[in-house]
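Note sheet for the following structure.
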Amino acid sequence: MTTLYLDLETYCDRPIQHGTHAYAEQAEIIIAAWALGDMPVEVEDITANGSSQLSYILGFAAEDIDRVVIHNSAFDRTVLRHAWRINLPVEKIEDTMVIAMQHSLPGGLEKLCDIFNIPVDQAKSKEGKRLIQLFCKPRPKRQKIRRATRETHPEEWAKFIEYARLDIEAMRAVYKKLPRWNSELPTERRLWELDQKINDRGVAVDTELAEAAVRAVERERGVLTERAQELTAGEVSSATKRDELLRFILAAHDMVLPDLRASTIEKLLKDATDLSDDLRELLTVRLRASTASVAKYKALLRSVSSDGRLRGMLQFCGAGRTGRWAGRLMQLQNLPRPAIADLRDEALAAAIELAIIAMKADALDLTGLPVMEAASAAIRGTIVAAIRMLLAVADLSNIEGRMLAWLAGETWKLKAFADYDRGKGSDLYKVTAGRMLGKPPEEITKLERQEIGKVTELAMGYEGGVGAFITFATAFGIDLDDLARRARPNLSSSVLGEASAIWDWTKKKRRTTYGLEKETWIVIEAIKRTWRQAHEATQQLWKDLDKAARRAIDTGGKTFTAGPHLRVRRDGAWLRIILPSGRSLCYPSPKITDKGEISYMGVHQYTRKWTRIKTYGGKLVENVTQAAARDVLAEGMLLAEEHGFRVVLSVHDELLTEVPVGSNLNDEVLAEIMATNPSWATGLPLAAAGFTSDRYKKEG
């Protein structure tokens, strides 16, 4: 088998941060480095030769190449298509960055060399980064020479050639050491190839709306800045200046605020009765000024291709070990839930439609809608259908909750999901709230469903407690003290007694109570305990997976089971949890710490550094549940494409597809496809629903 290793160095006036596809439209290849198998690396100076042996190989001798290995192939493949009109077949590519991320390793080549102990001259690596800065982008405007070349910097150019050679050697060494458990699975291979097609396809965007939203927000910020200056006699230059505002509030109103987060201000405005009118207005101005960010609109405008489509928005296996997609550029994966004042459901949807029309007419301020909230709520609307097409969108219903119940074998819950899907029972959040409060599901109010049912389900499934409940409740804007007052009369007195004893123990041990009032903390603890009593199989899965991981770490090469669907084993320096789909969750260098904790090497969630991370049964269950839910979405994505849907995006558990106007393909057909059980998921209750429209929106 003939293997070609390939790496390109490019120059472009456009920053790479604008996205691969927008960048590649204007990029030129300046150095091509490549090697056939284990032969010496060839480095071609394209700026000197004007032609390339590599272009001949790729263009005319491609049939002789069985495999092309590239690190971050989406970049090189896209640049080749634009710069040399060469379409490198995705089917022949193996991407070392993607293979690494499929196995919970970082994507950076230098970091992979560190992990695999591949000798890399750090001085040369650092020098290489400097040379990329020098030759691959325009120099600062103050510089007389705006572009560095082989003629202007001949010594540095020679070093740059050598750097390109070292990159190929490093990639070749990494490729030979990477694990293959997931990358060689046929389904995962098909899925990555589809992912590349989706990123190349892109999605149509409404640039007119994005430009109008930026104008509307900046106009409103000007108004709010002027009002903040008036209310502070010029001592605060802008409502977005946190430190200035905190100092002014302390000096002028004798009030110490811990921060100026939206949740802090909202609680203060709601609870404080002694605020002066000026301070109340100033805090409201701050809240409004911080509501909308134009960053996503600006990212769209920077990154859109010349044909009006936004490409490269997804990173395959980019969201850690679960294998979920990560968002890029516009970052649709972390959009806030749409909110305008106190509007809900149909009224909110109508307000967003009005806001979009008004913004495009530069008349949002005439609608009476709060400008910042409306602009923030309309972000999804920038994703639109192409001409003569519609967007068919569908979302898997509570897939994590269903998957967790299935993995654990929580039979009553699986039945509740199945009954609801057949129209014979209440939805799961009402069922859960009813169990918490000792009431029939049909008597659960909409507020109880949200505050007790939904928040508890989201917070407790992975061994969460009071802290997890607070996190999710805060995200939904729930007043915990008010919730506790209303929920307490419906909770079991015995469970409340147990929770009270736990409060006393927590205070004695000086553990955190998160600043909650005693009665509020006790009610949340009681909700947690009630939920756990109803979920014996789920609790058992936490314990079983923790135990299986420990046994596997101690006994390499042997497989242990956890629950009805999971297998755990250690192979060499890797702990693997094998999912029902056959895909593995990988935990490099596992060990049990001196304190008896499970740990492994991984990328820290906040520092982004490669370090030792501790875990436990509940966290492992969270990993496998989210990963298995991803596998369901992935199977649906492949099936939808086979049925003629043009998948353009996935956002969490939702698929966005393009369908021709007048086609029999719509959201109902898409939902049916997504709710089709994979062969490995017998007995898993699935449901999906969505909409067909010319513009993306949030349903429900």
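The values are calculated or read from the model by the stated rules, or taken from the named source; none is laboratory data. This is a predicted model, so every value here is computed, not measured. Neighbour counts run over all protein chains shown; Cβ positions are idealised from the backbone, glycine included. Surface areas here come from the heavy atoms of the whole protein model, side chains and all, with no ligands, DNA or RNA. Shrake-Rupley method; radii C 1.70, N 1.55, O 1.52, S 1.80 Å.
Among the residues of segment 136-153, is any part of a helix (DSSP H, G or I) and either surrounded by fewer than 16 Cβ atoms within 10 Å (Cβ to Cβ) or of a type in the set (V, I, T) (or both)?
No, there is no match, as no residue in segment 136-153 is part of a helix (DSSP H, G or I) and either surrounded by fewer than 16 Cβ atoms within 10 Å (Cβ to Cβ) or of a type in the set (V, I, T) (or both).
In segment 225-266, what residues are in contact (Cβ under 8 Å) with a residue 24 or more places away in the chain and over 14 Å from L279 (Cβ atoms)?
Of everything in segment 225-266, those that are in contact (Cβ under 8 Å) with a residue 24 or more places away in the chain and over 14 Å from L279 (Cβ atoms) turn out to be T225, S238, T240, A262, S263, E266.
Looking at E230, E235, which is the one that is touching a Phe, Trp or Tyr at 6+ places or on another chain (Cβ under 7 Å), more than 30 Å from T474 (Cβ to Cβ) and surrounded by fewer than 20 Cβ atoms within 10 Å (Cβ to Cβ)?
E235
Which condition from (1) small (G, A, S); (2) at pLDDT 95 or above; (3) open to solvent by 10 Å² or more (accessible area, probe 1.4 Å) is the one that A552 breaks?
Unmet for A552, out of (1) small (G, A, S); (2) at pLDDT 95 or above; (3) open to solvent by 10 Å² or more (accessible area, probe 1.4 Å): (3).
Considering only residues of segment 583-606 that are open to solvent by 30 Å² or more (accessible area, probe 1.4 Å) and within 20 Å of A319 (Cβ to Cβ), which is farthest from the chain's Cα centre (by Cα)?
The extreme case among them is M601.
Quick one: is L491 modelled with pLDDT under 90, touching a Leu at 6+ places or on another chain (Cβ under 8 Å) and more than 26 Å from P336 (Cα to Cα)?
Judged against the criteria, L491 is not a match.
So which residues in segment 175-188 are assigned to a helix (DSSP H, G or I) and either under 21 Å from the mean Cα position of the chain (by Cα) or hydroxyl-bearing (S, T, Y) (or both)?
The answer is Y175, T187, E188.
Restricting attention to segment 258-297, which residues are open to solvent by less than 40 Å² (accessible area, probe 1.4 Å), small (G, A, S) and under 28 Å from the mean Cα position of the chain (by Cα)?
Correct list: A289, A292.
For segment 415-439, enumerate the residues that are among the charged types (D, E, K, R) and in contact (Cβ under 8 Å) with a residue 40 or more places away in the chain.
Matches in segment 415-439: D421, R435, K439.
Pick from L245, L191: which is within 32 Å of the chain's Cα centre (by Cα), part of a helix (DSSP H, G or I) and not small (G, A, S)? Outline the logic, then answer.
Numbers: L245 fails: within 32 Å of the chain's Cα centre (by Cα).
Among L245, L191, only L191 is within 32 Å of the chain's Cα centre (by Cα), part of a helix (DSSP H, G or I) and not small (G, A, S).
Answer yes if at least one residue in segment 159-174 is outside any helix (DSSP H, G or I) and free of Cβ contacts under 8 Å to residues at least 60 places away in the same chain, and no otherwise.
Taking segment 159-174 and keeping what is outside any helix (DSSP H, G or I), we get none.
Taking every residue of segment 159-174 in turn, none turns out to be outside any helix (DSSP H, G or I) and free of Cβ contacts under 8 Å to residues at least 60 places away in the same chain.
With respect to R567, determine if the residue is of a type in the set (K, R) and either under 28 Å from I478 (Cβ atoms) or under 31 Å from the mean Cα position of the chain (by Cα) (or both).
Working: of a type in the set (K, R): yes; either under 28 Å from I478 (Cβ atoms) or under 31 Å from the mean Cα position of the chain (by Cα) (or both): yes.
Here the answer is yes, as R567 does meet what is asked.
What number of residues within segment 186-210 are over 19 Å from F645 (Cβ atoms), touching a residue at least 24 places away in the same chain (Cβ under 8 Å) and either among the polar types (S, T, N, Q) or out of contact with any helix residue (DSSP H, G or I) (no Cβ under 9 Å at 6 or more places or on another chain) (or both)?
The number of residues fulfilling the criteria is 1.
Of all the helices (runs of 4 or more DSSP H) wholly in segment 434-511, which have at least 1 residues that are closer than 16 Å to V523 by Cβ and open to solvent by 20 Å² or more (accessible area, probe 1.4 Å)? Explain how you work it out, then say what you get.
Values: elements: 455-460, 466-475, 480-487, 493-508.
Result: 466-475, 480-487, 493-508.
Which residue is least open to solvent (accessible area, probe 1.4 Å), if the candidates are limited to segment 613-642 and must be closer than 27 Å to M330 by Cβ and free of Cβ contacts under 8 Å to residues at least 40 places away in the same chain?
Result: A640.
I need the full set of residues from segment 364-405 which are in contact (Cβ under 8 Å) with a residue 40 or more places away in the chain, farther than 26 Å from T692 by Cβ and among the aliphatic types (A, V, I, L, M), in order please.
Listed by number, the residues that qualify are L364, V371, M372, M403, L404, A405.
Can you confirm whether K424 is among the basic types (K, R), open to solvent by 10 Å² or more (accessible area, probe 1.4 Å) and either part of a loop (DSSP other than H, G, I, E, B) or modelled with pLDDT of 95 or more (or both)?
yes
Kindly provide the set of residues from segment 195-210 that are open to solvent by less than 80 Å² (accessible area, probe 1.4 Å) and in a helix (DSSP H, G or I), ordered by number.
Passing the criteria: D195, Q196, I198, N199, D200, R201, T207, L209, A210.
Of everything in segment 327-363, what is over 21 Å from V203 (Cβ atoms), modelled with pLDDT of 90 or more and not hydrophobic (A, V, I, L, M, F, W, C)? Give them in sequence order.
D362
Need pairs with beta-carbon distance below 7 Å; first residue of a type outside the set (V, I, T) and within segment 512-534, second outside any helix (DSSP H, G or I); sequence gap 6+ or separate chains.
Filtered contacts from segment 512-534: W521/T513; A526/L491; K528/G465.
Identify, from the list E162, E193, E188, the residue that is over 30 Å from G572 (Cα atoms) and out of contact with any strand residue (DSSP E or B) (no Cβ under 6 Å at 6 or more places or on another chain).
E162
Which condition number does D571 fail, the rest of (1) at pLDDT 95 or above; (2) in contact with a helix residue (DSSP H, G or I) (Cβ under 8 Å, 6 or more places away or on another chain); (3) over 23 Å from G409 (Cα atoms) being met?
Of the numbered conditions (1) at pLDDT 95 or above; (2) in contact with a helix residue (DSSP H, G or I) (Cβ under 8 Å, 6 or more places away or on another chain); (3) over 23 Å from G409 (Cα atoms), the odd one out for D571 is (2).
If the requirement is being closer than 23 Å to E193 by Cα and assigned to a strand (DSSP E or B), which of these qualifies: L649, L633?
L649
Is segment 211-224 home to any residue that is farther than 23 Å from G368 by Cβ, free of Cβ contacts under 8 Å to residues at least 24 places away in the same chain and open to solvent by less than 80 Å² (accessible area, probe 1.4 Å)?
There is no residue in segment 211-224 that is farther than 23 Å from G368 by Cβ, free of Cβ contacts under 8 Å to residues at least 24 places away in the same chain and open to solvent by less than 80 Å² (accessible area, probe 1.4 Å).
Please work out if K558 is touching a strand residue (DSSP E or B) at 6+ places or on another chain (Cβ under 9 Å) and not in a strand (DSSP E or B). Please lay out each step first, then the result.
Values: touching a strand residue (DSSP E or B) at 6+ places or on another chain (Cβ under 9 Å): yes; not in a strand (DSSP E or B): yes.
Yes, satisfied.
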